[in-house]
Amino acid sequence: MIHTAYVTLLHPEAGTGAGQSALHQPKAEIGAGDGLGSCQKQLIALHQRLLGTEKESLKRSRDLNTILDELKQSVSAKKNATENLINITKWKVWNNTSKRTMQLTNVFSYLPHLLDHDDSLQPNVLIGQGRTAVSMVIGIPTVKRDKQTYLMDTLSSLLRELSHEERNDCVIVVLVAEVDMTHVRSIADSVNSMFPKEVKSGLIEVISPPASFYPDLSNLKETLGDTQERVRWRTKQNLDYSFLMLYAQPKGTYYVQLEDDVIARPTFFQSMKAFADQQSSTDWIVLEFSQLGFIGKLFRSSHLPLIIDFFLMFYKDKPIDWLLDHFLWVKVCNPEKDAKHCESEKANVRIRYRPSLFQHVGTHSSLPGKVQNLKDKDFEKILYRSHANPAADVSTTLKIYQEFTLEKAYKGENYFWAFAPVAGDYIKFNFSKPLLIDGYVFKTGNSEHPGDKLFSTAVDILPGDKSLMAKGGLPNDSKYQVTEDGYLRIDAFENGVAEQSIDPSIGNIEAIRLSILSESPVWVLLSEIGIKIAKTENIQTREKQ
């Protein structure tokens, strides 16, 4: 806009109110004002230039605003593209990184918070030798319980029933589903202390999820009439199972889901593997070796990615065993058919094995305040295993409890049960004549009394050839210790079990003795006595209740 001062200079009458403009004065009078006329012309020219400048300025202002808007849109579009690229890159990294041990499904679709944490799917492996290519992976999630823990008894029960060959063909993965690393490490230390041989061999692994794996569980929608606490408990449990399955999936042919408060039936591994291998149909999805909850469920590892997808899709909505049933419904049920037809179709892909191989023994649930007394009625207790042992005189210094004698146990008629031993006590099997022994197995404790084991106990043998006691006469001389009474100390109980082959160069054996080396705070229950004669095949094994 042109200021008033400019207008006044261009048109003086507008400022003075005089009757005539100086432009209409006689020429004689104008001569003196030639300078003023020239100034007016310059101001008029300046006025025109200012008007043009203002017009151009307005045009440029509009152009700048347009450019600014375009820049804002461009920046916003680039930001979104960058974020998408970052997400895609993270997804590719998770699926392709050589450090990763877990095969991913569409986990990021259901747990998008994982994209913000590079380590969200990297398990903390506290114990593990990386064993793979086994027939069976056994998954056991465990959490901190307020009153009682059952994990060590569960592991003892499983290990007690595994043969040497089976121990080399499976891996037991314990998931400590806690983010308190002090507690996690204490569990790992306990496992390592109780089962050092199994840890060293790679049979047992202990892992935990990173804290970043779990989403915010503080404000979940209450469903199924459950309280906020129960909804949070079952939701986290679904995530725990999924994480464990993701880790275990590439390790073996089959995956078996257990819980941390169960006991196993003898020959459970052999029974599960044989049953799975014998299924003629390729359509089965789950084999059930317990009728309770999510215990004893066996899956093909190749099916796990799809099953995990389904669990994660609905992990907030229902308990894990219900989700499994819904998964089967989606796979095989026809909405146009009735419930009876649906159950029949599900039975074709969910195949039940009887009798149950696992029993739930926990009383105090991992949900604080909940008491769980569920028992599987199809579980047949096997309290001892019997073998066709060679003829022998048996004796012991232990005080026997009621009718549970050593003679009956050796003959396969019952188990041996005695009061707590002290140092110097023994259990001895003296053969009718010296025999070439191929190997032996002694197992203590059973499903009803899992803690009644032999600890700090050695296995001694008495060679028939006494010349072996001469210096240099023993095979692997430094390996064996000679006791004061002439026995060879060849083995020791680990976690209540002694199982080993005997070097044939030792020759015939007169006796086998179990020597207690220190006082025990618990009773002794010998649930299996097996002595195998060399060159004798297919010794029949019987199981009795």
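The values are calculated or read from the model by the stated rules, or taken from the named source; none is laboratory data. Bear in mind that the values here come from a model prediction, so they are computed numbers and not experimental data. Positions of Cβ are generated from backbone atoms using ideal geometry, with glycine treated the same way; all protein chains shown enter the neighbour counts. These area figures cover heavy atoms from the full protein model, side chains too; ligands, DNA and RNA do not enter into them. Shrake-Rupley method; radii C 1.70, N 1.55, O 1.52, S 1.80 Å.
A few comments on the model shown:
- Close pairs from region 148-168: first of a type in the set (A, V, I, L, M, F, W, C), partner in a loop (DSSP other than H, G, I, E, B) and open to solvent by 10 Å² or more (accessible area, probe 1.4 Å), Cβ under 7 Å, at least 6 apart: L159/N495
- Residue check, S218 touching a Lys or Arg at 6+ places or on another chain (Cβ under 9 Å), surrounded by fewer than 17 Cβ atoms within 10 Å (Cβ to Cβ) and at pLDDT 95 or above: no
- Looking only at region 383-399, and only at residues there that are modelled with pLDDT of 95 or more, under 24 Å from P521 (Cα atoms) and assigned to a loop (DSSP other than H, G, I, E, B), the one that is least open to solvent (accessible area, probe 1.4 Å): L398
- Test: residue in region 402-414 that is outside any loop (DSSP other than H, G, I, E, B) and more than 43 Å from the chain's Cα centre (by Cα): yes
- Among residues of region 159-176, those that are touching a helix residue (DSSP H, G or I) at 6+ places or on another chain (Cβ under 8 Å), within 19 Å of G296 (Cβ to Cβ) and crowded, with 20+ Cβ neighbours inside 10 Å, counted: 9
- Taken over region 296-329, the criterion of being open to solvent by less than 10 Å² (accessible area, probe 1.4 Å) and of a type in the set (S, T, N, Q) is satisfied by S301 alone.
- Criterion violated by V332 - all others in (1) under 24 Å from E259 (Cβ atoms); (2) at pLDDT 95 or above; (3) open to solvent by 30 Å² or more (accessible area, probe 1.4 Å) satisfied: (1)
- Pairing residues of region 333-358 that are acidic (D, E) with residues that are surrounded by fewer than 12 Cβ atoms within 10 Å (Cβ to Cβ) and in a loop (DSSP other than H, G, I, E, B), at Cβ distances under 7 Å and at least 6 apart in sequence or on separate chains, gives no pairs at all.
Table: residues versus (1) open to solvent by less than 30 Å² (accessible area, probe 1.4 Å); (2) free of Cβ contacts under 8 Å to residues at least 40 places away in the same chain; (3) closer than 30 Å to L155 by Cβ.
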| residue | (1), (2), (3) |
| --- | --- |
| Y426 | no, no, yes |
| Y440 | yes, no, yes |
| D452 | yes, no, yes |
| K479 | no, yes, yes |
| E499 | no, no, yes |
| S518 | no, no, yes |
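- Test: S156 is closer than 28 Å to G439 by Cα and either hydroxyl-bearing (S, T, Y) or surrounded by 22 or more Cβ atoms within 10 Å (Cβ to Cβ) (or both): yes
- Listed by position, the helices (runs of 4 or more DSSP H) inside region 157-218 whose residues that are within 18 Å of the chain's Cα centre (by Cα) and closer than 23 Å to G445 by Cα number at least 3 are 181-194.
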